[in-house]
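The values are calculated or read from the model by the stated rules, or taken from the named source; none is laboratory data. Small disclaimer: the values here were computed from a predicted structure and weren't measured. Quick reminder, even Gly has a Cβ in these numbers, built from the backbone with ideal geometry, and neighbours come from all protein chains shown.
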């Protein structure tokens, strides 16, 4: 890869926000087969504690934990019965609760299902996490469109997605619009339970199309988006601004926008791409993702992040990035020990935590204090 000229941070822009999305042995399906992977420890508390403390060492804003009601699958419709990829997860809220006492600054954001989980249970579990984390908890609500999830609860399965739907985020979200409407009601219900009695946790939403953008604009604080180029960044920012207008989001409470990237990193030029090719060979298929896939050096990634950050549309810029490490712990270590120092050298990332809460890290208004 030929490195472009190093872009300078835009004058007057605040430092980038950085998050990492943690999942299993990494976001590549064959990550568990790489040297240094620890697949035998995926279901231990120590594994997750090590990852999160490393992320805090890198001064990251937050980590997110993936979760689902059913086993992972390459099919959106149900289990695939594969035994050559990682299947199964620990409960994300419980992971976050376990690592909370072992950390002191980094935000902890578990993913929870809102299609089949009652708001009462969600609000209590998340408020307990925030208490254990001393104000560092967040929340990523997620819908479920799988029929096997619905069967666990004796509920009617949502409309099945056809092959033509899968190629278009707009068609997917359109077919699943009732689930997003339900999610908006859950967010509102949980918010009412927190109102005036418990701290309101920052809400993050992964979105790819108009309907989920509007969900994020209506009930979220941060939206994770998936552009694939500077032009894609501009298009997404325009759509996010339109969604905020459509739901009449107050101008004084702008939605934070983080771009997701799936990353493989190596300090040696060209080596990350070779690692990816080897993992693709082990997996039997090229790596596919809703997010842009980056394989290169930390310096090259810093170039990309700052170039995307320089893109402005509809009065918005990206506030930060959520990086999905393809391999754990290798790519997380590359983020914390190579990418972060590179961004610091460019005056684009903090050199110390300035606050001790997730609201503070994200420059969000402090939540109302609980009533006495």
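Residues in segment 68-104 that are outside any helix (DSSP H, G or I) and either at pLDDT 95 or above or out of contact with any strand residue (DSSP E or B) (no Cβ under 6 Å at 6 or more places or on another chain) (or both): how many?
Total meeting the criteria: 25.
Answer yes or no: is there a residue in segment 212-226 that is surrounded by fewer than 18 Cβ atoms within 10 Å (Cβ to Cβ) and either touching a strand residue (DSSP E or B) at 6+ places or on another chain (Cβ under 6 Å) or at pLDDT below 95 (or both).
no
Got at least one residue in segment 168-187 being crowded, with 19+ Cβ neighbours inside 10 Å, over 20 Å from residue 235 (Cα atoms) and modelled with pLDDT under 90?
Checked segment 168-187: at least one residue is crowded, with 19+ Cβ neighbours inside 10 Å, over 20 Å from residue 235 (Cα atoms) and modelled with pLDDT under 90.
With respect to residue 301, determine if the residue is surrounded by 22 or more Cβ atoms within 10 Å (Cβ to Cβ), closer than 27 Å to residue 230 by Cβ and under 17 Å from the mean Cα position of the chain (by Cα).
no
Right, residue 246: farther than 25 Å from residue 340 by Cβ, buried (at least 21 other Cβ atoms within 10 Å of the Cβ), at pLDDT 95 or above and in contact with a helix residue (DSSP H, G or I) (Cβ under 7 Å, 6 or more places away or on another chain) or not?
No.
Residues are listed down the side, and each one gets a yes or a no for (1) more than 29 Å from residue 241 (Cα to Cα); (2) surrounded by fewer than 20 Cβ atoms within 10 Å (Cβ to Cβ); (3) touching a residue at least 24 places away in the same chain (Cβ under 8 Å):
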{"site": "314", "(1), (2), (3)": "no, yes, yes"}
{"site": "321", "(1), (2), (3)": "no, no, yes"}
{"site": "325", "(1), (2), (3)": "no, no, yes"}
{"site": "328", "(1), (2), (3)": "yes, no, yes"}
{"site": "338", "(1), (2), (3)": "yes, yes, yes"}
{"site": "347", "(1), (2), (3)": "no, yes, yes"}
{"site": "352", "(1), (2), (3)": "yes, yes, yes"}
{"site": "363", "(1), (2), (3)": "no, yes, yes"}
{"site": "367", "(1), (2), (3)": "no, yes, yes"}
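Please go through segment 277-296 and pick out each residue that is in contact (Cβ under 8 Å) with a residue 40 or more places away in the chain, under 21 Å from residue 259 (Cα atoms) and buried (at least 16 other Cβ atoms within 10 Å of the Cβ).
Those that are in contact (Cβ under 8 Å) with a residue 40 or more places away in the chain, under 21 Å from residue 259 (Cα atoms) and buried (at least 16 other Cβ atoms within 10 Å of the Cβ): 287, 291, 292, 296.
Could you check residue 96 against (1) out of contact with any helix residue (DSSP H, G or I) (no Cβ under 6 Å at 6 or more places or on another chain); (2) under 13 Å from residue 140 (Cβ atoms) and say which number it fails?
Condition not satisfied by residue 96: (1).
If you check residue 116 against the conditions, is it within 23 Å of residue 61 (Cβ to Cβ), in a loop (DSSP other than H, G, I, E, B), out of contact with any strand residue (DSSP E or B) (no Cβ under 6 Å at 6 or more places or on another chain) and at pLDDT 90 or above?
When the stated conditions are applied, residue 116 does not pass them.
Could you please let me know if residue 307 is crowded, with 20+ Cβ neighbours inside 10 Å, in contact (Cβ under 8 Å) with a residue 24 or more places away in the chain and under 22 Å from the mean Cα position of the chain (by Cα)?
no
For residues that are touching a helix residue (DSSP H, G or I) at 6+ places or on another chain (Cβ under 7 Å) and not in a helix (DSSP H, G or I), scanning just segment 35-59, find the one that is modelled with the lowest pLDDT.
Residue satisfying both the conditions and the ranking: 36.
Among the residues that make up segment 294-306, is at least one of them more than 14 Å from residue 233 (Cβ to Cβ), in a loop (DSSP other than H, G, I, E, B) and modelled with pLDDT of 95 or more?
yes
Please work out if residue 355 is within 18 Å of the chain's Cα centre (by Cα) and not in a strand (DSSP E or B).
For residue 355, the condition - within 18 Å of the chain's Cα centre (by Cα) and not in a strand (DSSP E or B) - is not met.
For segment 175-196, how many residues are farther than 13 Å from residue 115 by Cα and either under 22 Å from the mean Cα position of the chain (by Cα) or not in a helix (DSSP H, G or I) (or both)?
5
Examine segment 261-268 for a residue that is under 22 Å from residue 141 (Cα atoms) and touching a residue at least 24 places away in the same chain (Cβ under 8 Å), and state whether such a residue exists.
Yes, that holds for at least one residue.
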